[in-house]
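Have a look at the structure below before the remarks.
The values are calculated or read from the model by the stated rules, or taken from the named source; none is laboratory data. Note that the structure is predicted; figures quoted are calculated from it, not measured. Neighbour counts are summed over all protein chains in view; Cβ atoms, including those assigned to glycine, are modelled from backbone coordinates with ideal geometry.
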Amino acid sequence: MKKVLYIALALITFAFTNASAQTVDSKKSSIQWTGEKVTGKHWGHINIKSGDVETKNGKLVGGHFVINMNSITCDDIENKDYNQKLVGHLKNEDFFDVAKFPEAKFVITKAVEKKGKNGNNYEITGDLTIKGISHSITFPARVDIKGNSATANASVDIDRTKWNVKYGSGSFFDNLGDRTIYDEFNLKISLATKE
């Protein structure tokens, strides 16, 4: 009985010592957003505030990330006044209400090795929390783990209405015409951990 207990304890210890977490380097990481409407599109960036990538035996097993919603920028509008107007609108109650919800979060719940297009080698599932609302999302990603560092790249389409961001949505409002904003927006994510 004691022998079995020792073996079990050894296996648990081995499992935990093989798991490690690499801290995300926010300066080397970025999220580019793109939102489209009937008459065109806008894009910009959002900063990753903090996070880590969890690996075990050279494989991705988890991770969590905090996004600074106050950092939203618009990169396609050159006119300063119009740019600030759009960014201000994205930050107010019509969209992400950053005064009340300054952070968004993503927690990986499952990571499966799976070959795909464009060099993608993982299928990642996790809980995305925006405006205090959480939904599970799944998307392909390319993850490279070398020693104590990791990088990841992904392109994710998000249906904003699931997180109660309904402004200008043709799914909820009639007669919007060319003022309609499409429900889905895209996030191009590039992550790098500190070495």
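Return the residue satisfying two criteria in turn: it lies in the stretch 1-37 and is touching a Lys or Arg at 6+ places or on another chain (Cβ under 9 Å) and loosely packed, with under 14 Cβ neighbours inside 10 Å, and of such residues it is modelled with the lowest pLDDT. So the residue we want is A15.
Of G147, G116, G168, which residue is modelled with pLDDT under 95 and buried (at least 18 other Cβ atoms within 10 Å of the Cβ)? Reasoning before the result, please.
Values: G147 fails: buried (at least 18 other Cβ atoms within 10 Å of the Cβ); G116 fails: buried (at least 18 other Cβ atoms within 10 Å of the Cβ).
Among G147, G116, G168, only G168 is modelled with pLDDT under 95 and buried (at least 18 other Cβ atoms within 10 Å of the Cβ).
For the stretch 99-108, which residues satisfy the criterion of being in contact with a strand residue (DSSP E or B) (Cβ under 9 Å, 6 or more places away or on another chain) and closer than 14 Å to N68 by Cβ? Quick ask: steps written out before the conclusion?
So in the stretch 99-108, the residues in contact with a strand residue (DSSP E or B) (Cβ under 9 Å, 6 or more places away or on another chain) come out as 101-108.
Within the stretch 99-108, F101, P102, E103, A104, K105, F106 meet the criteria.
When the residues of the stretch 98-113 are filtered to those that are under 20 Å from D52 (Cβ atoms) and among the β-branched types (V, I, T), the one that is surrounded by the fewest Cβ atoms within 10 Å (Cβ to Cβ) is V112. Taking each residue of the stretch 54-77 that is closer than 13 Å to A150 by Cβ and among the acidic types (D, E) and looking for partners that are modelled with pLDDT of 95 or more and part of a strand (DSSP E or B) with beta-carbon atoms closer than 6 Å, six or more apart or interchain, yields E54/V61; E54/G62; E54/G63. Taking every residue in the stretch 147-170 that is on the phi > 0 side of the Ramachandran plot and touching a residue at least 24 places away in the same chain (Cβ under 8 Å) and pairing it with any residue that is crowded, with 16+ Cβ neighbours inside 10 Å and β-branched (V, I, T), at least 6 positions away or on another chain, the pairs with Cβ-Cβ distances below 9 Å are N164/I130; G168/T180; G168/I181. Is it the case, given these coordinates, that D144 is closer than 19 Å to I46 by Cα and in a strand (DSSP E or B)? So D144 does not fit the description; no.
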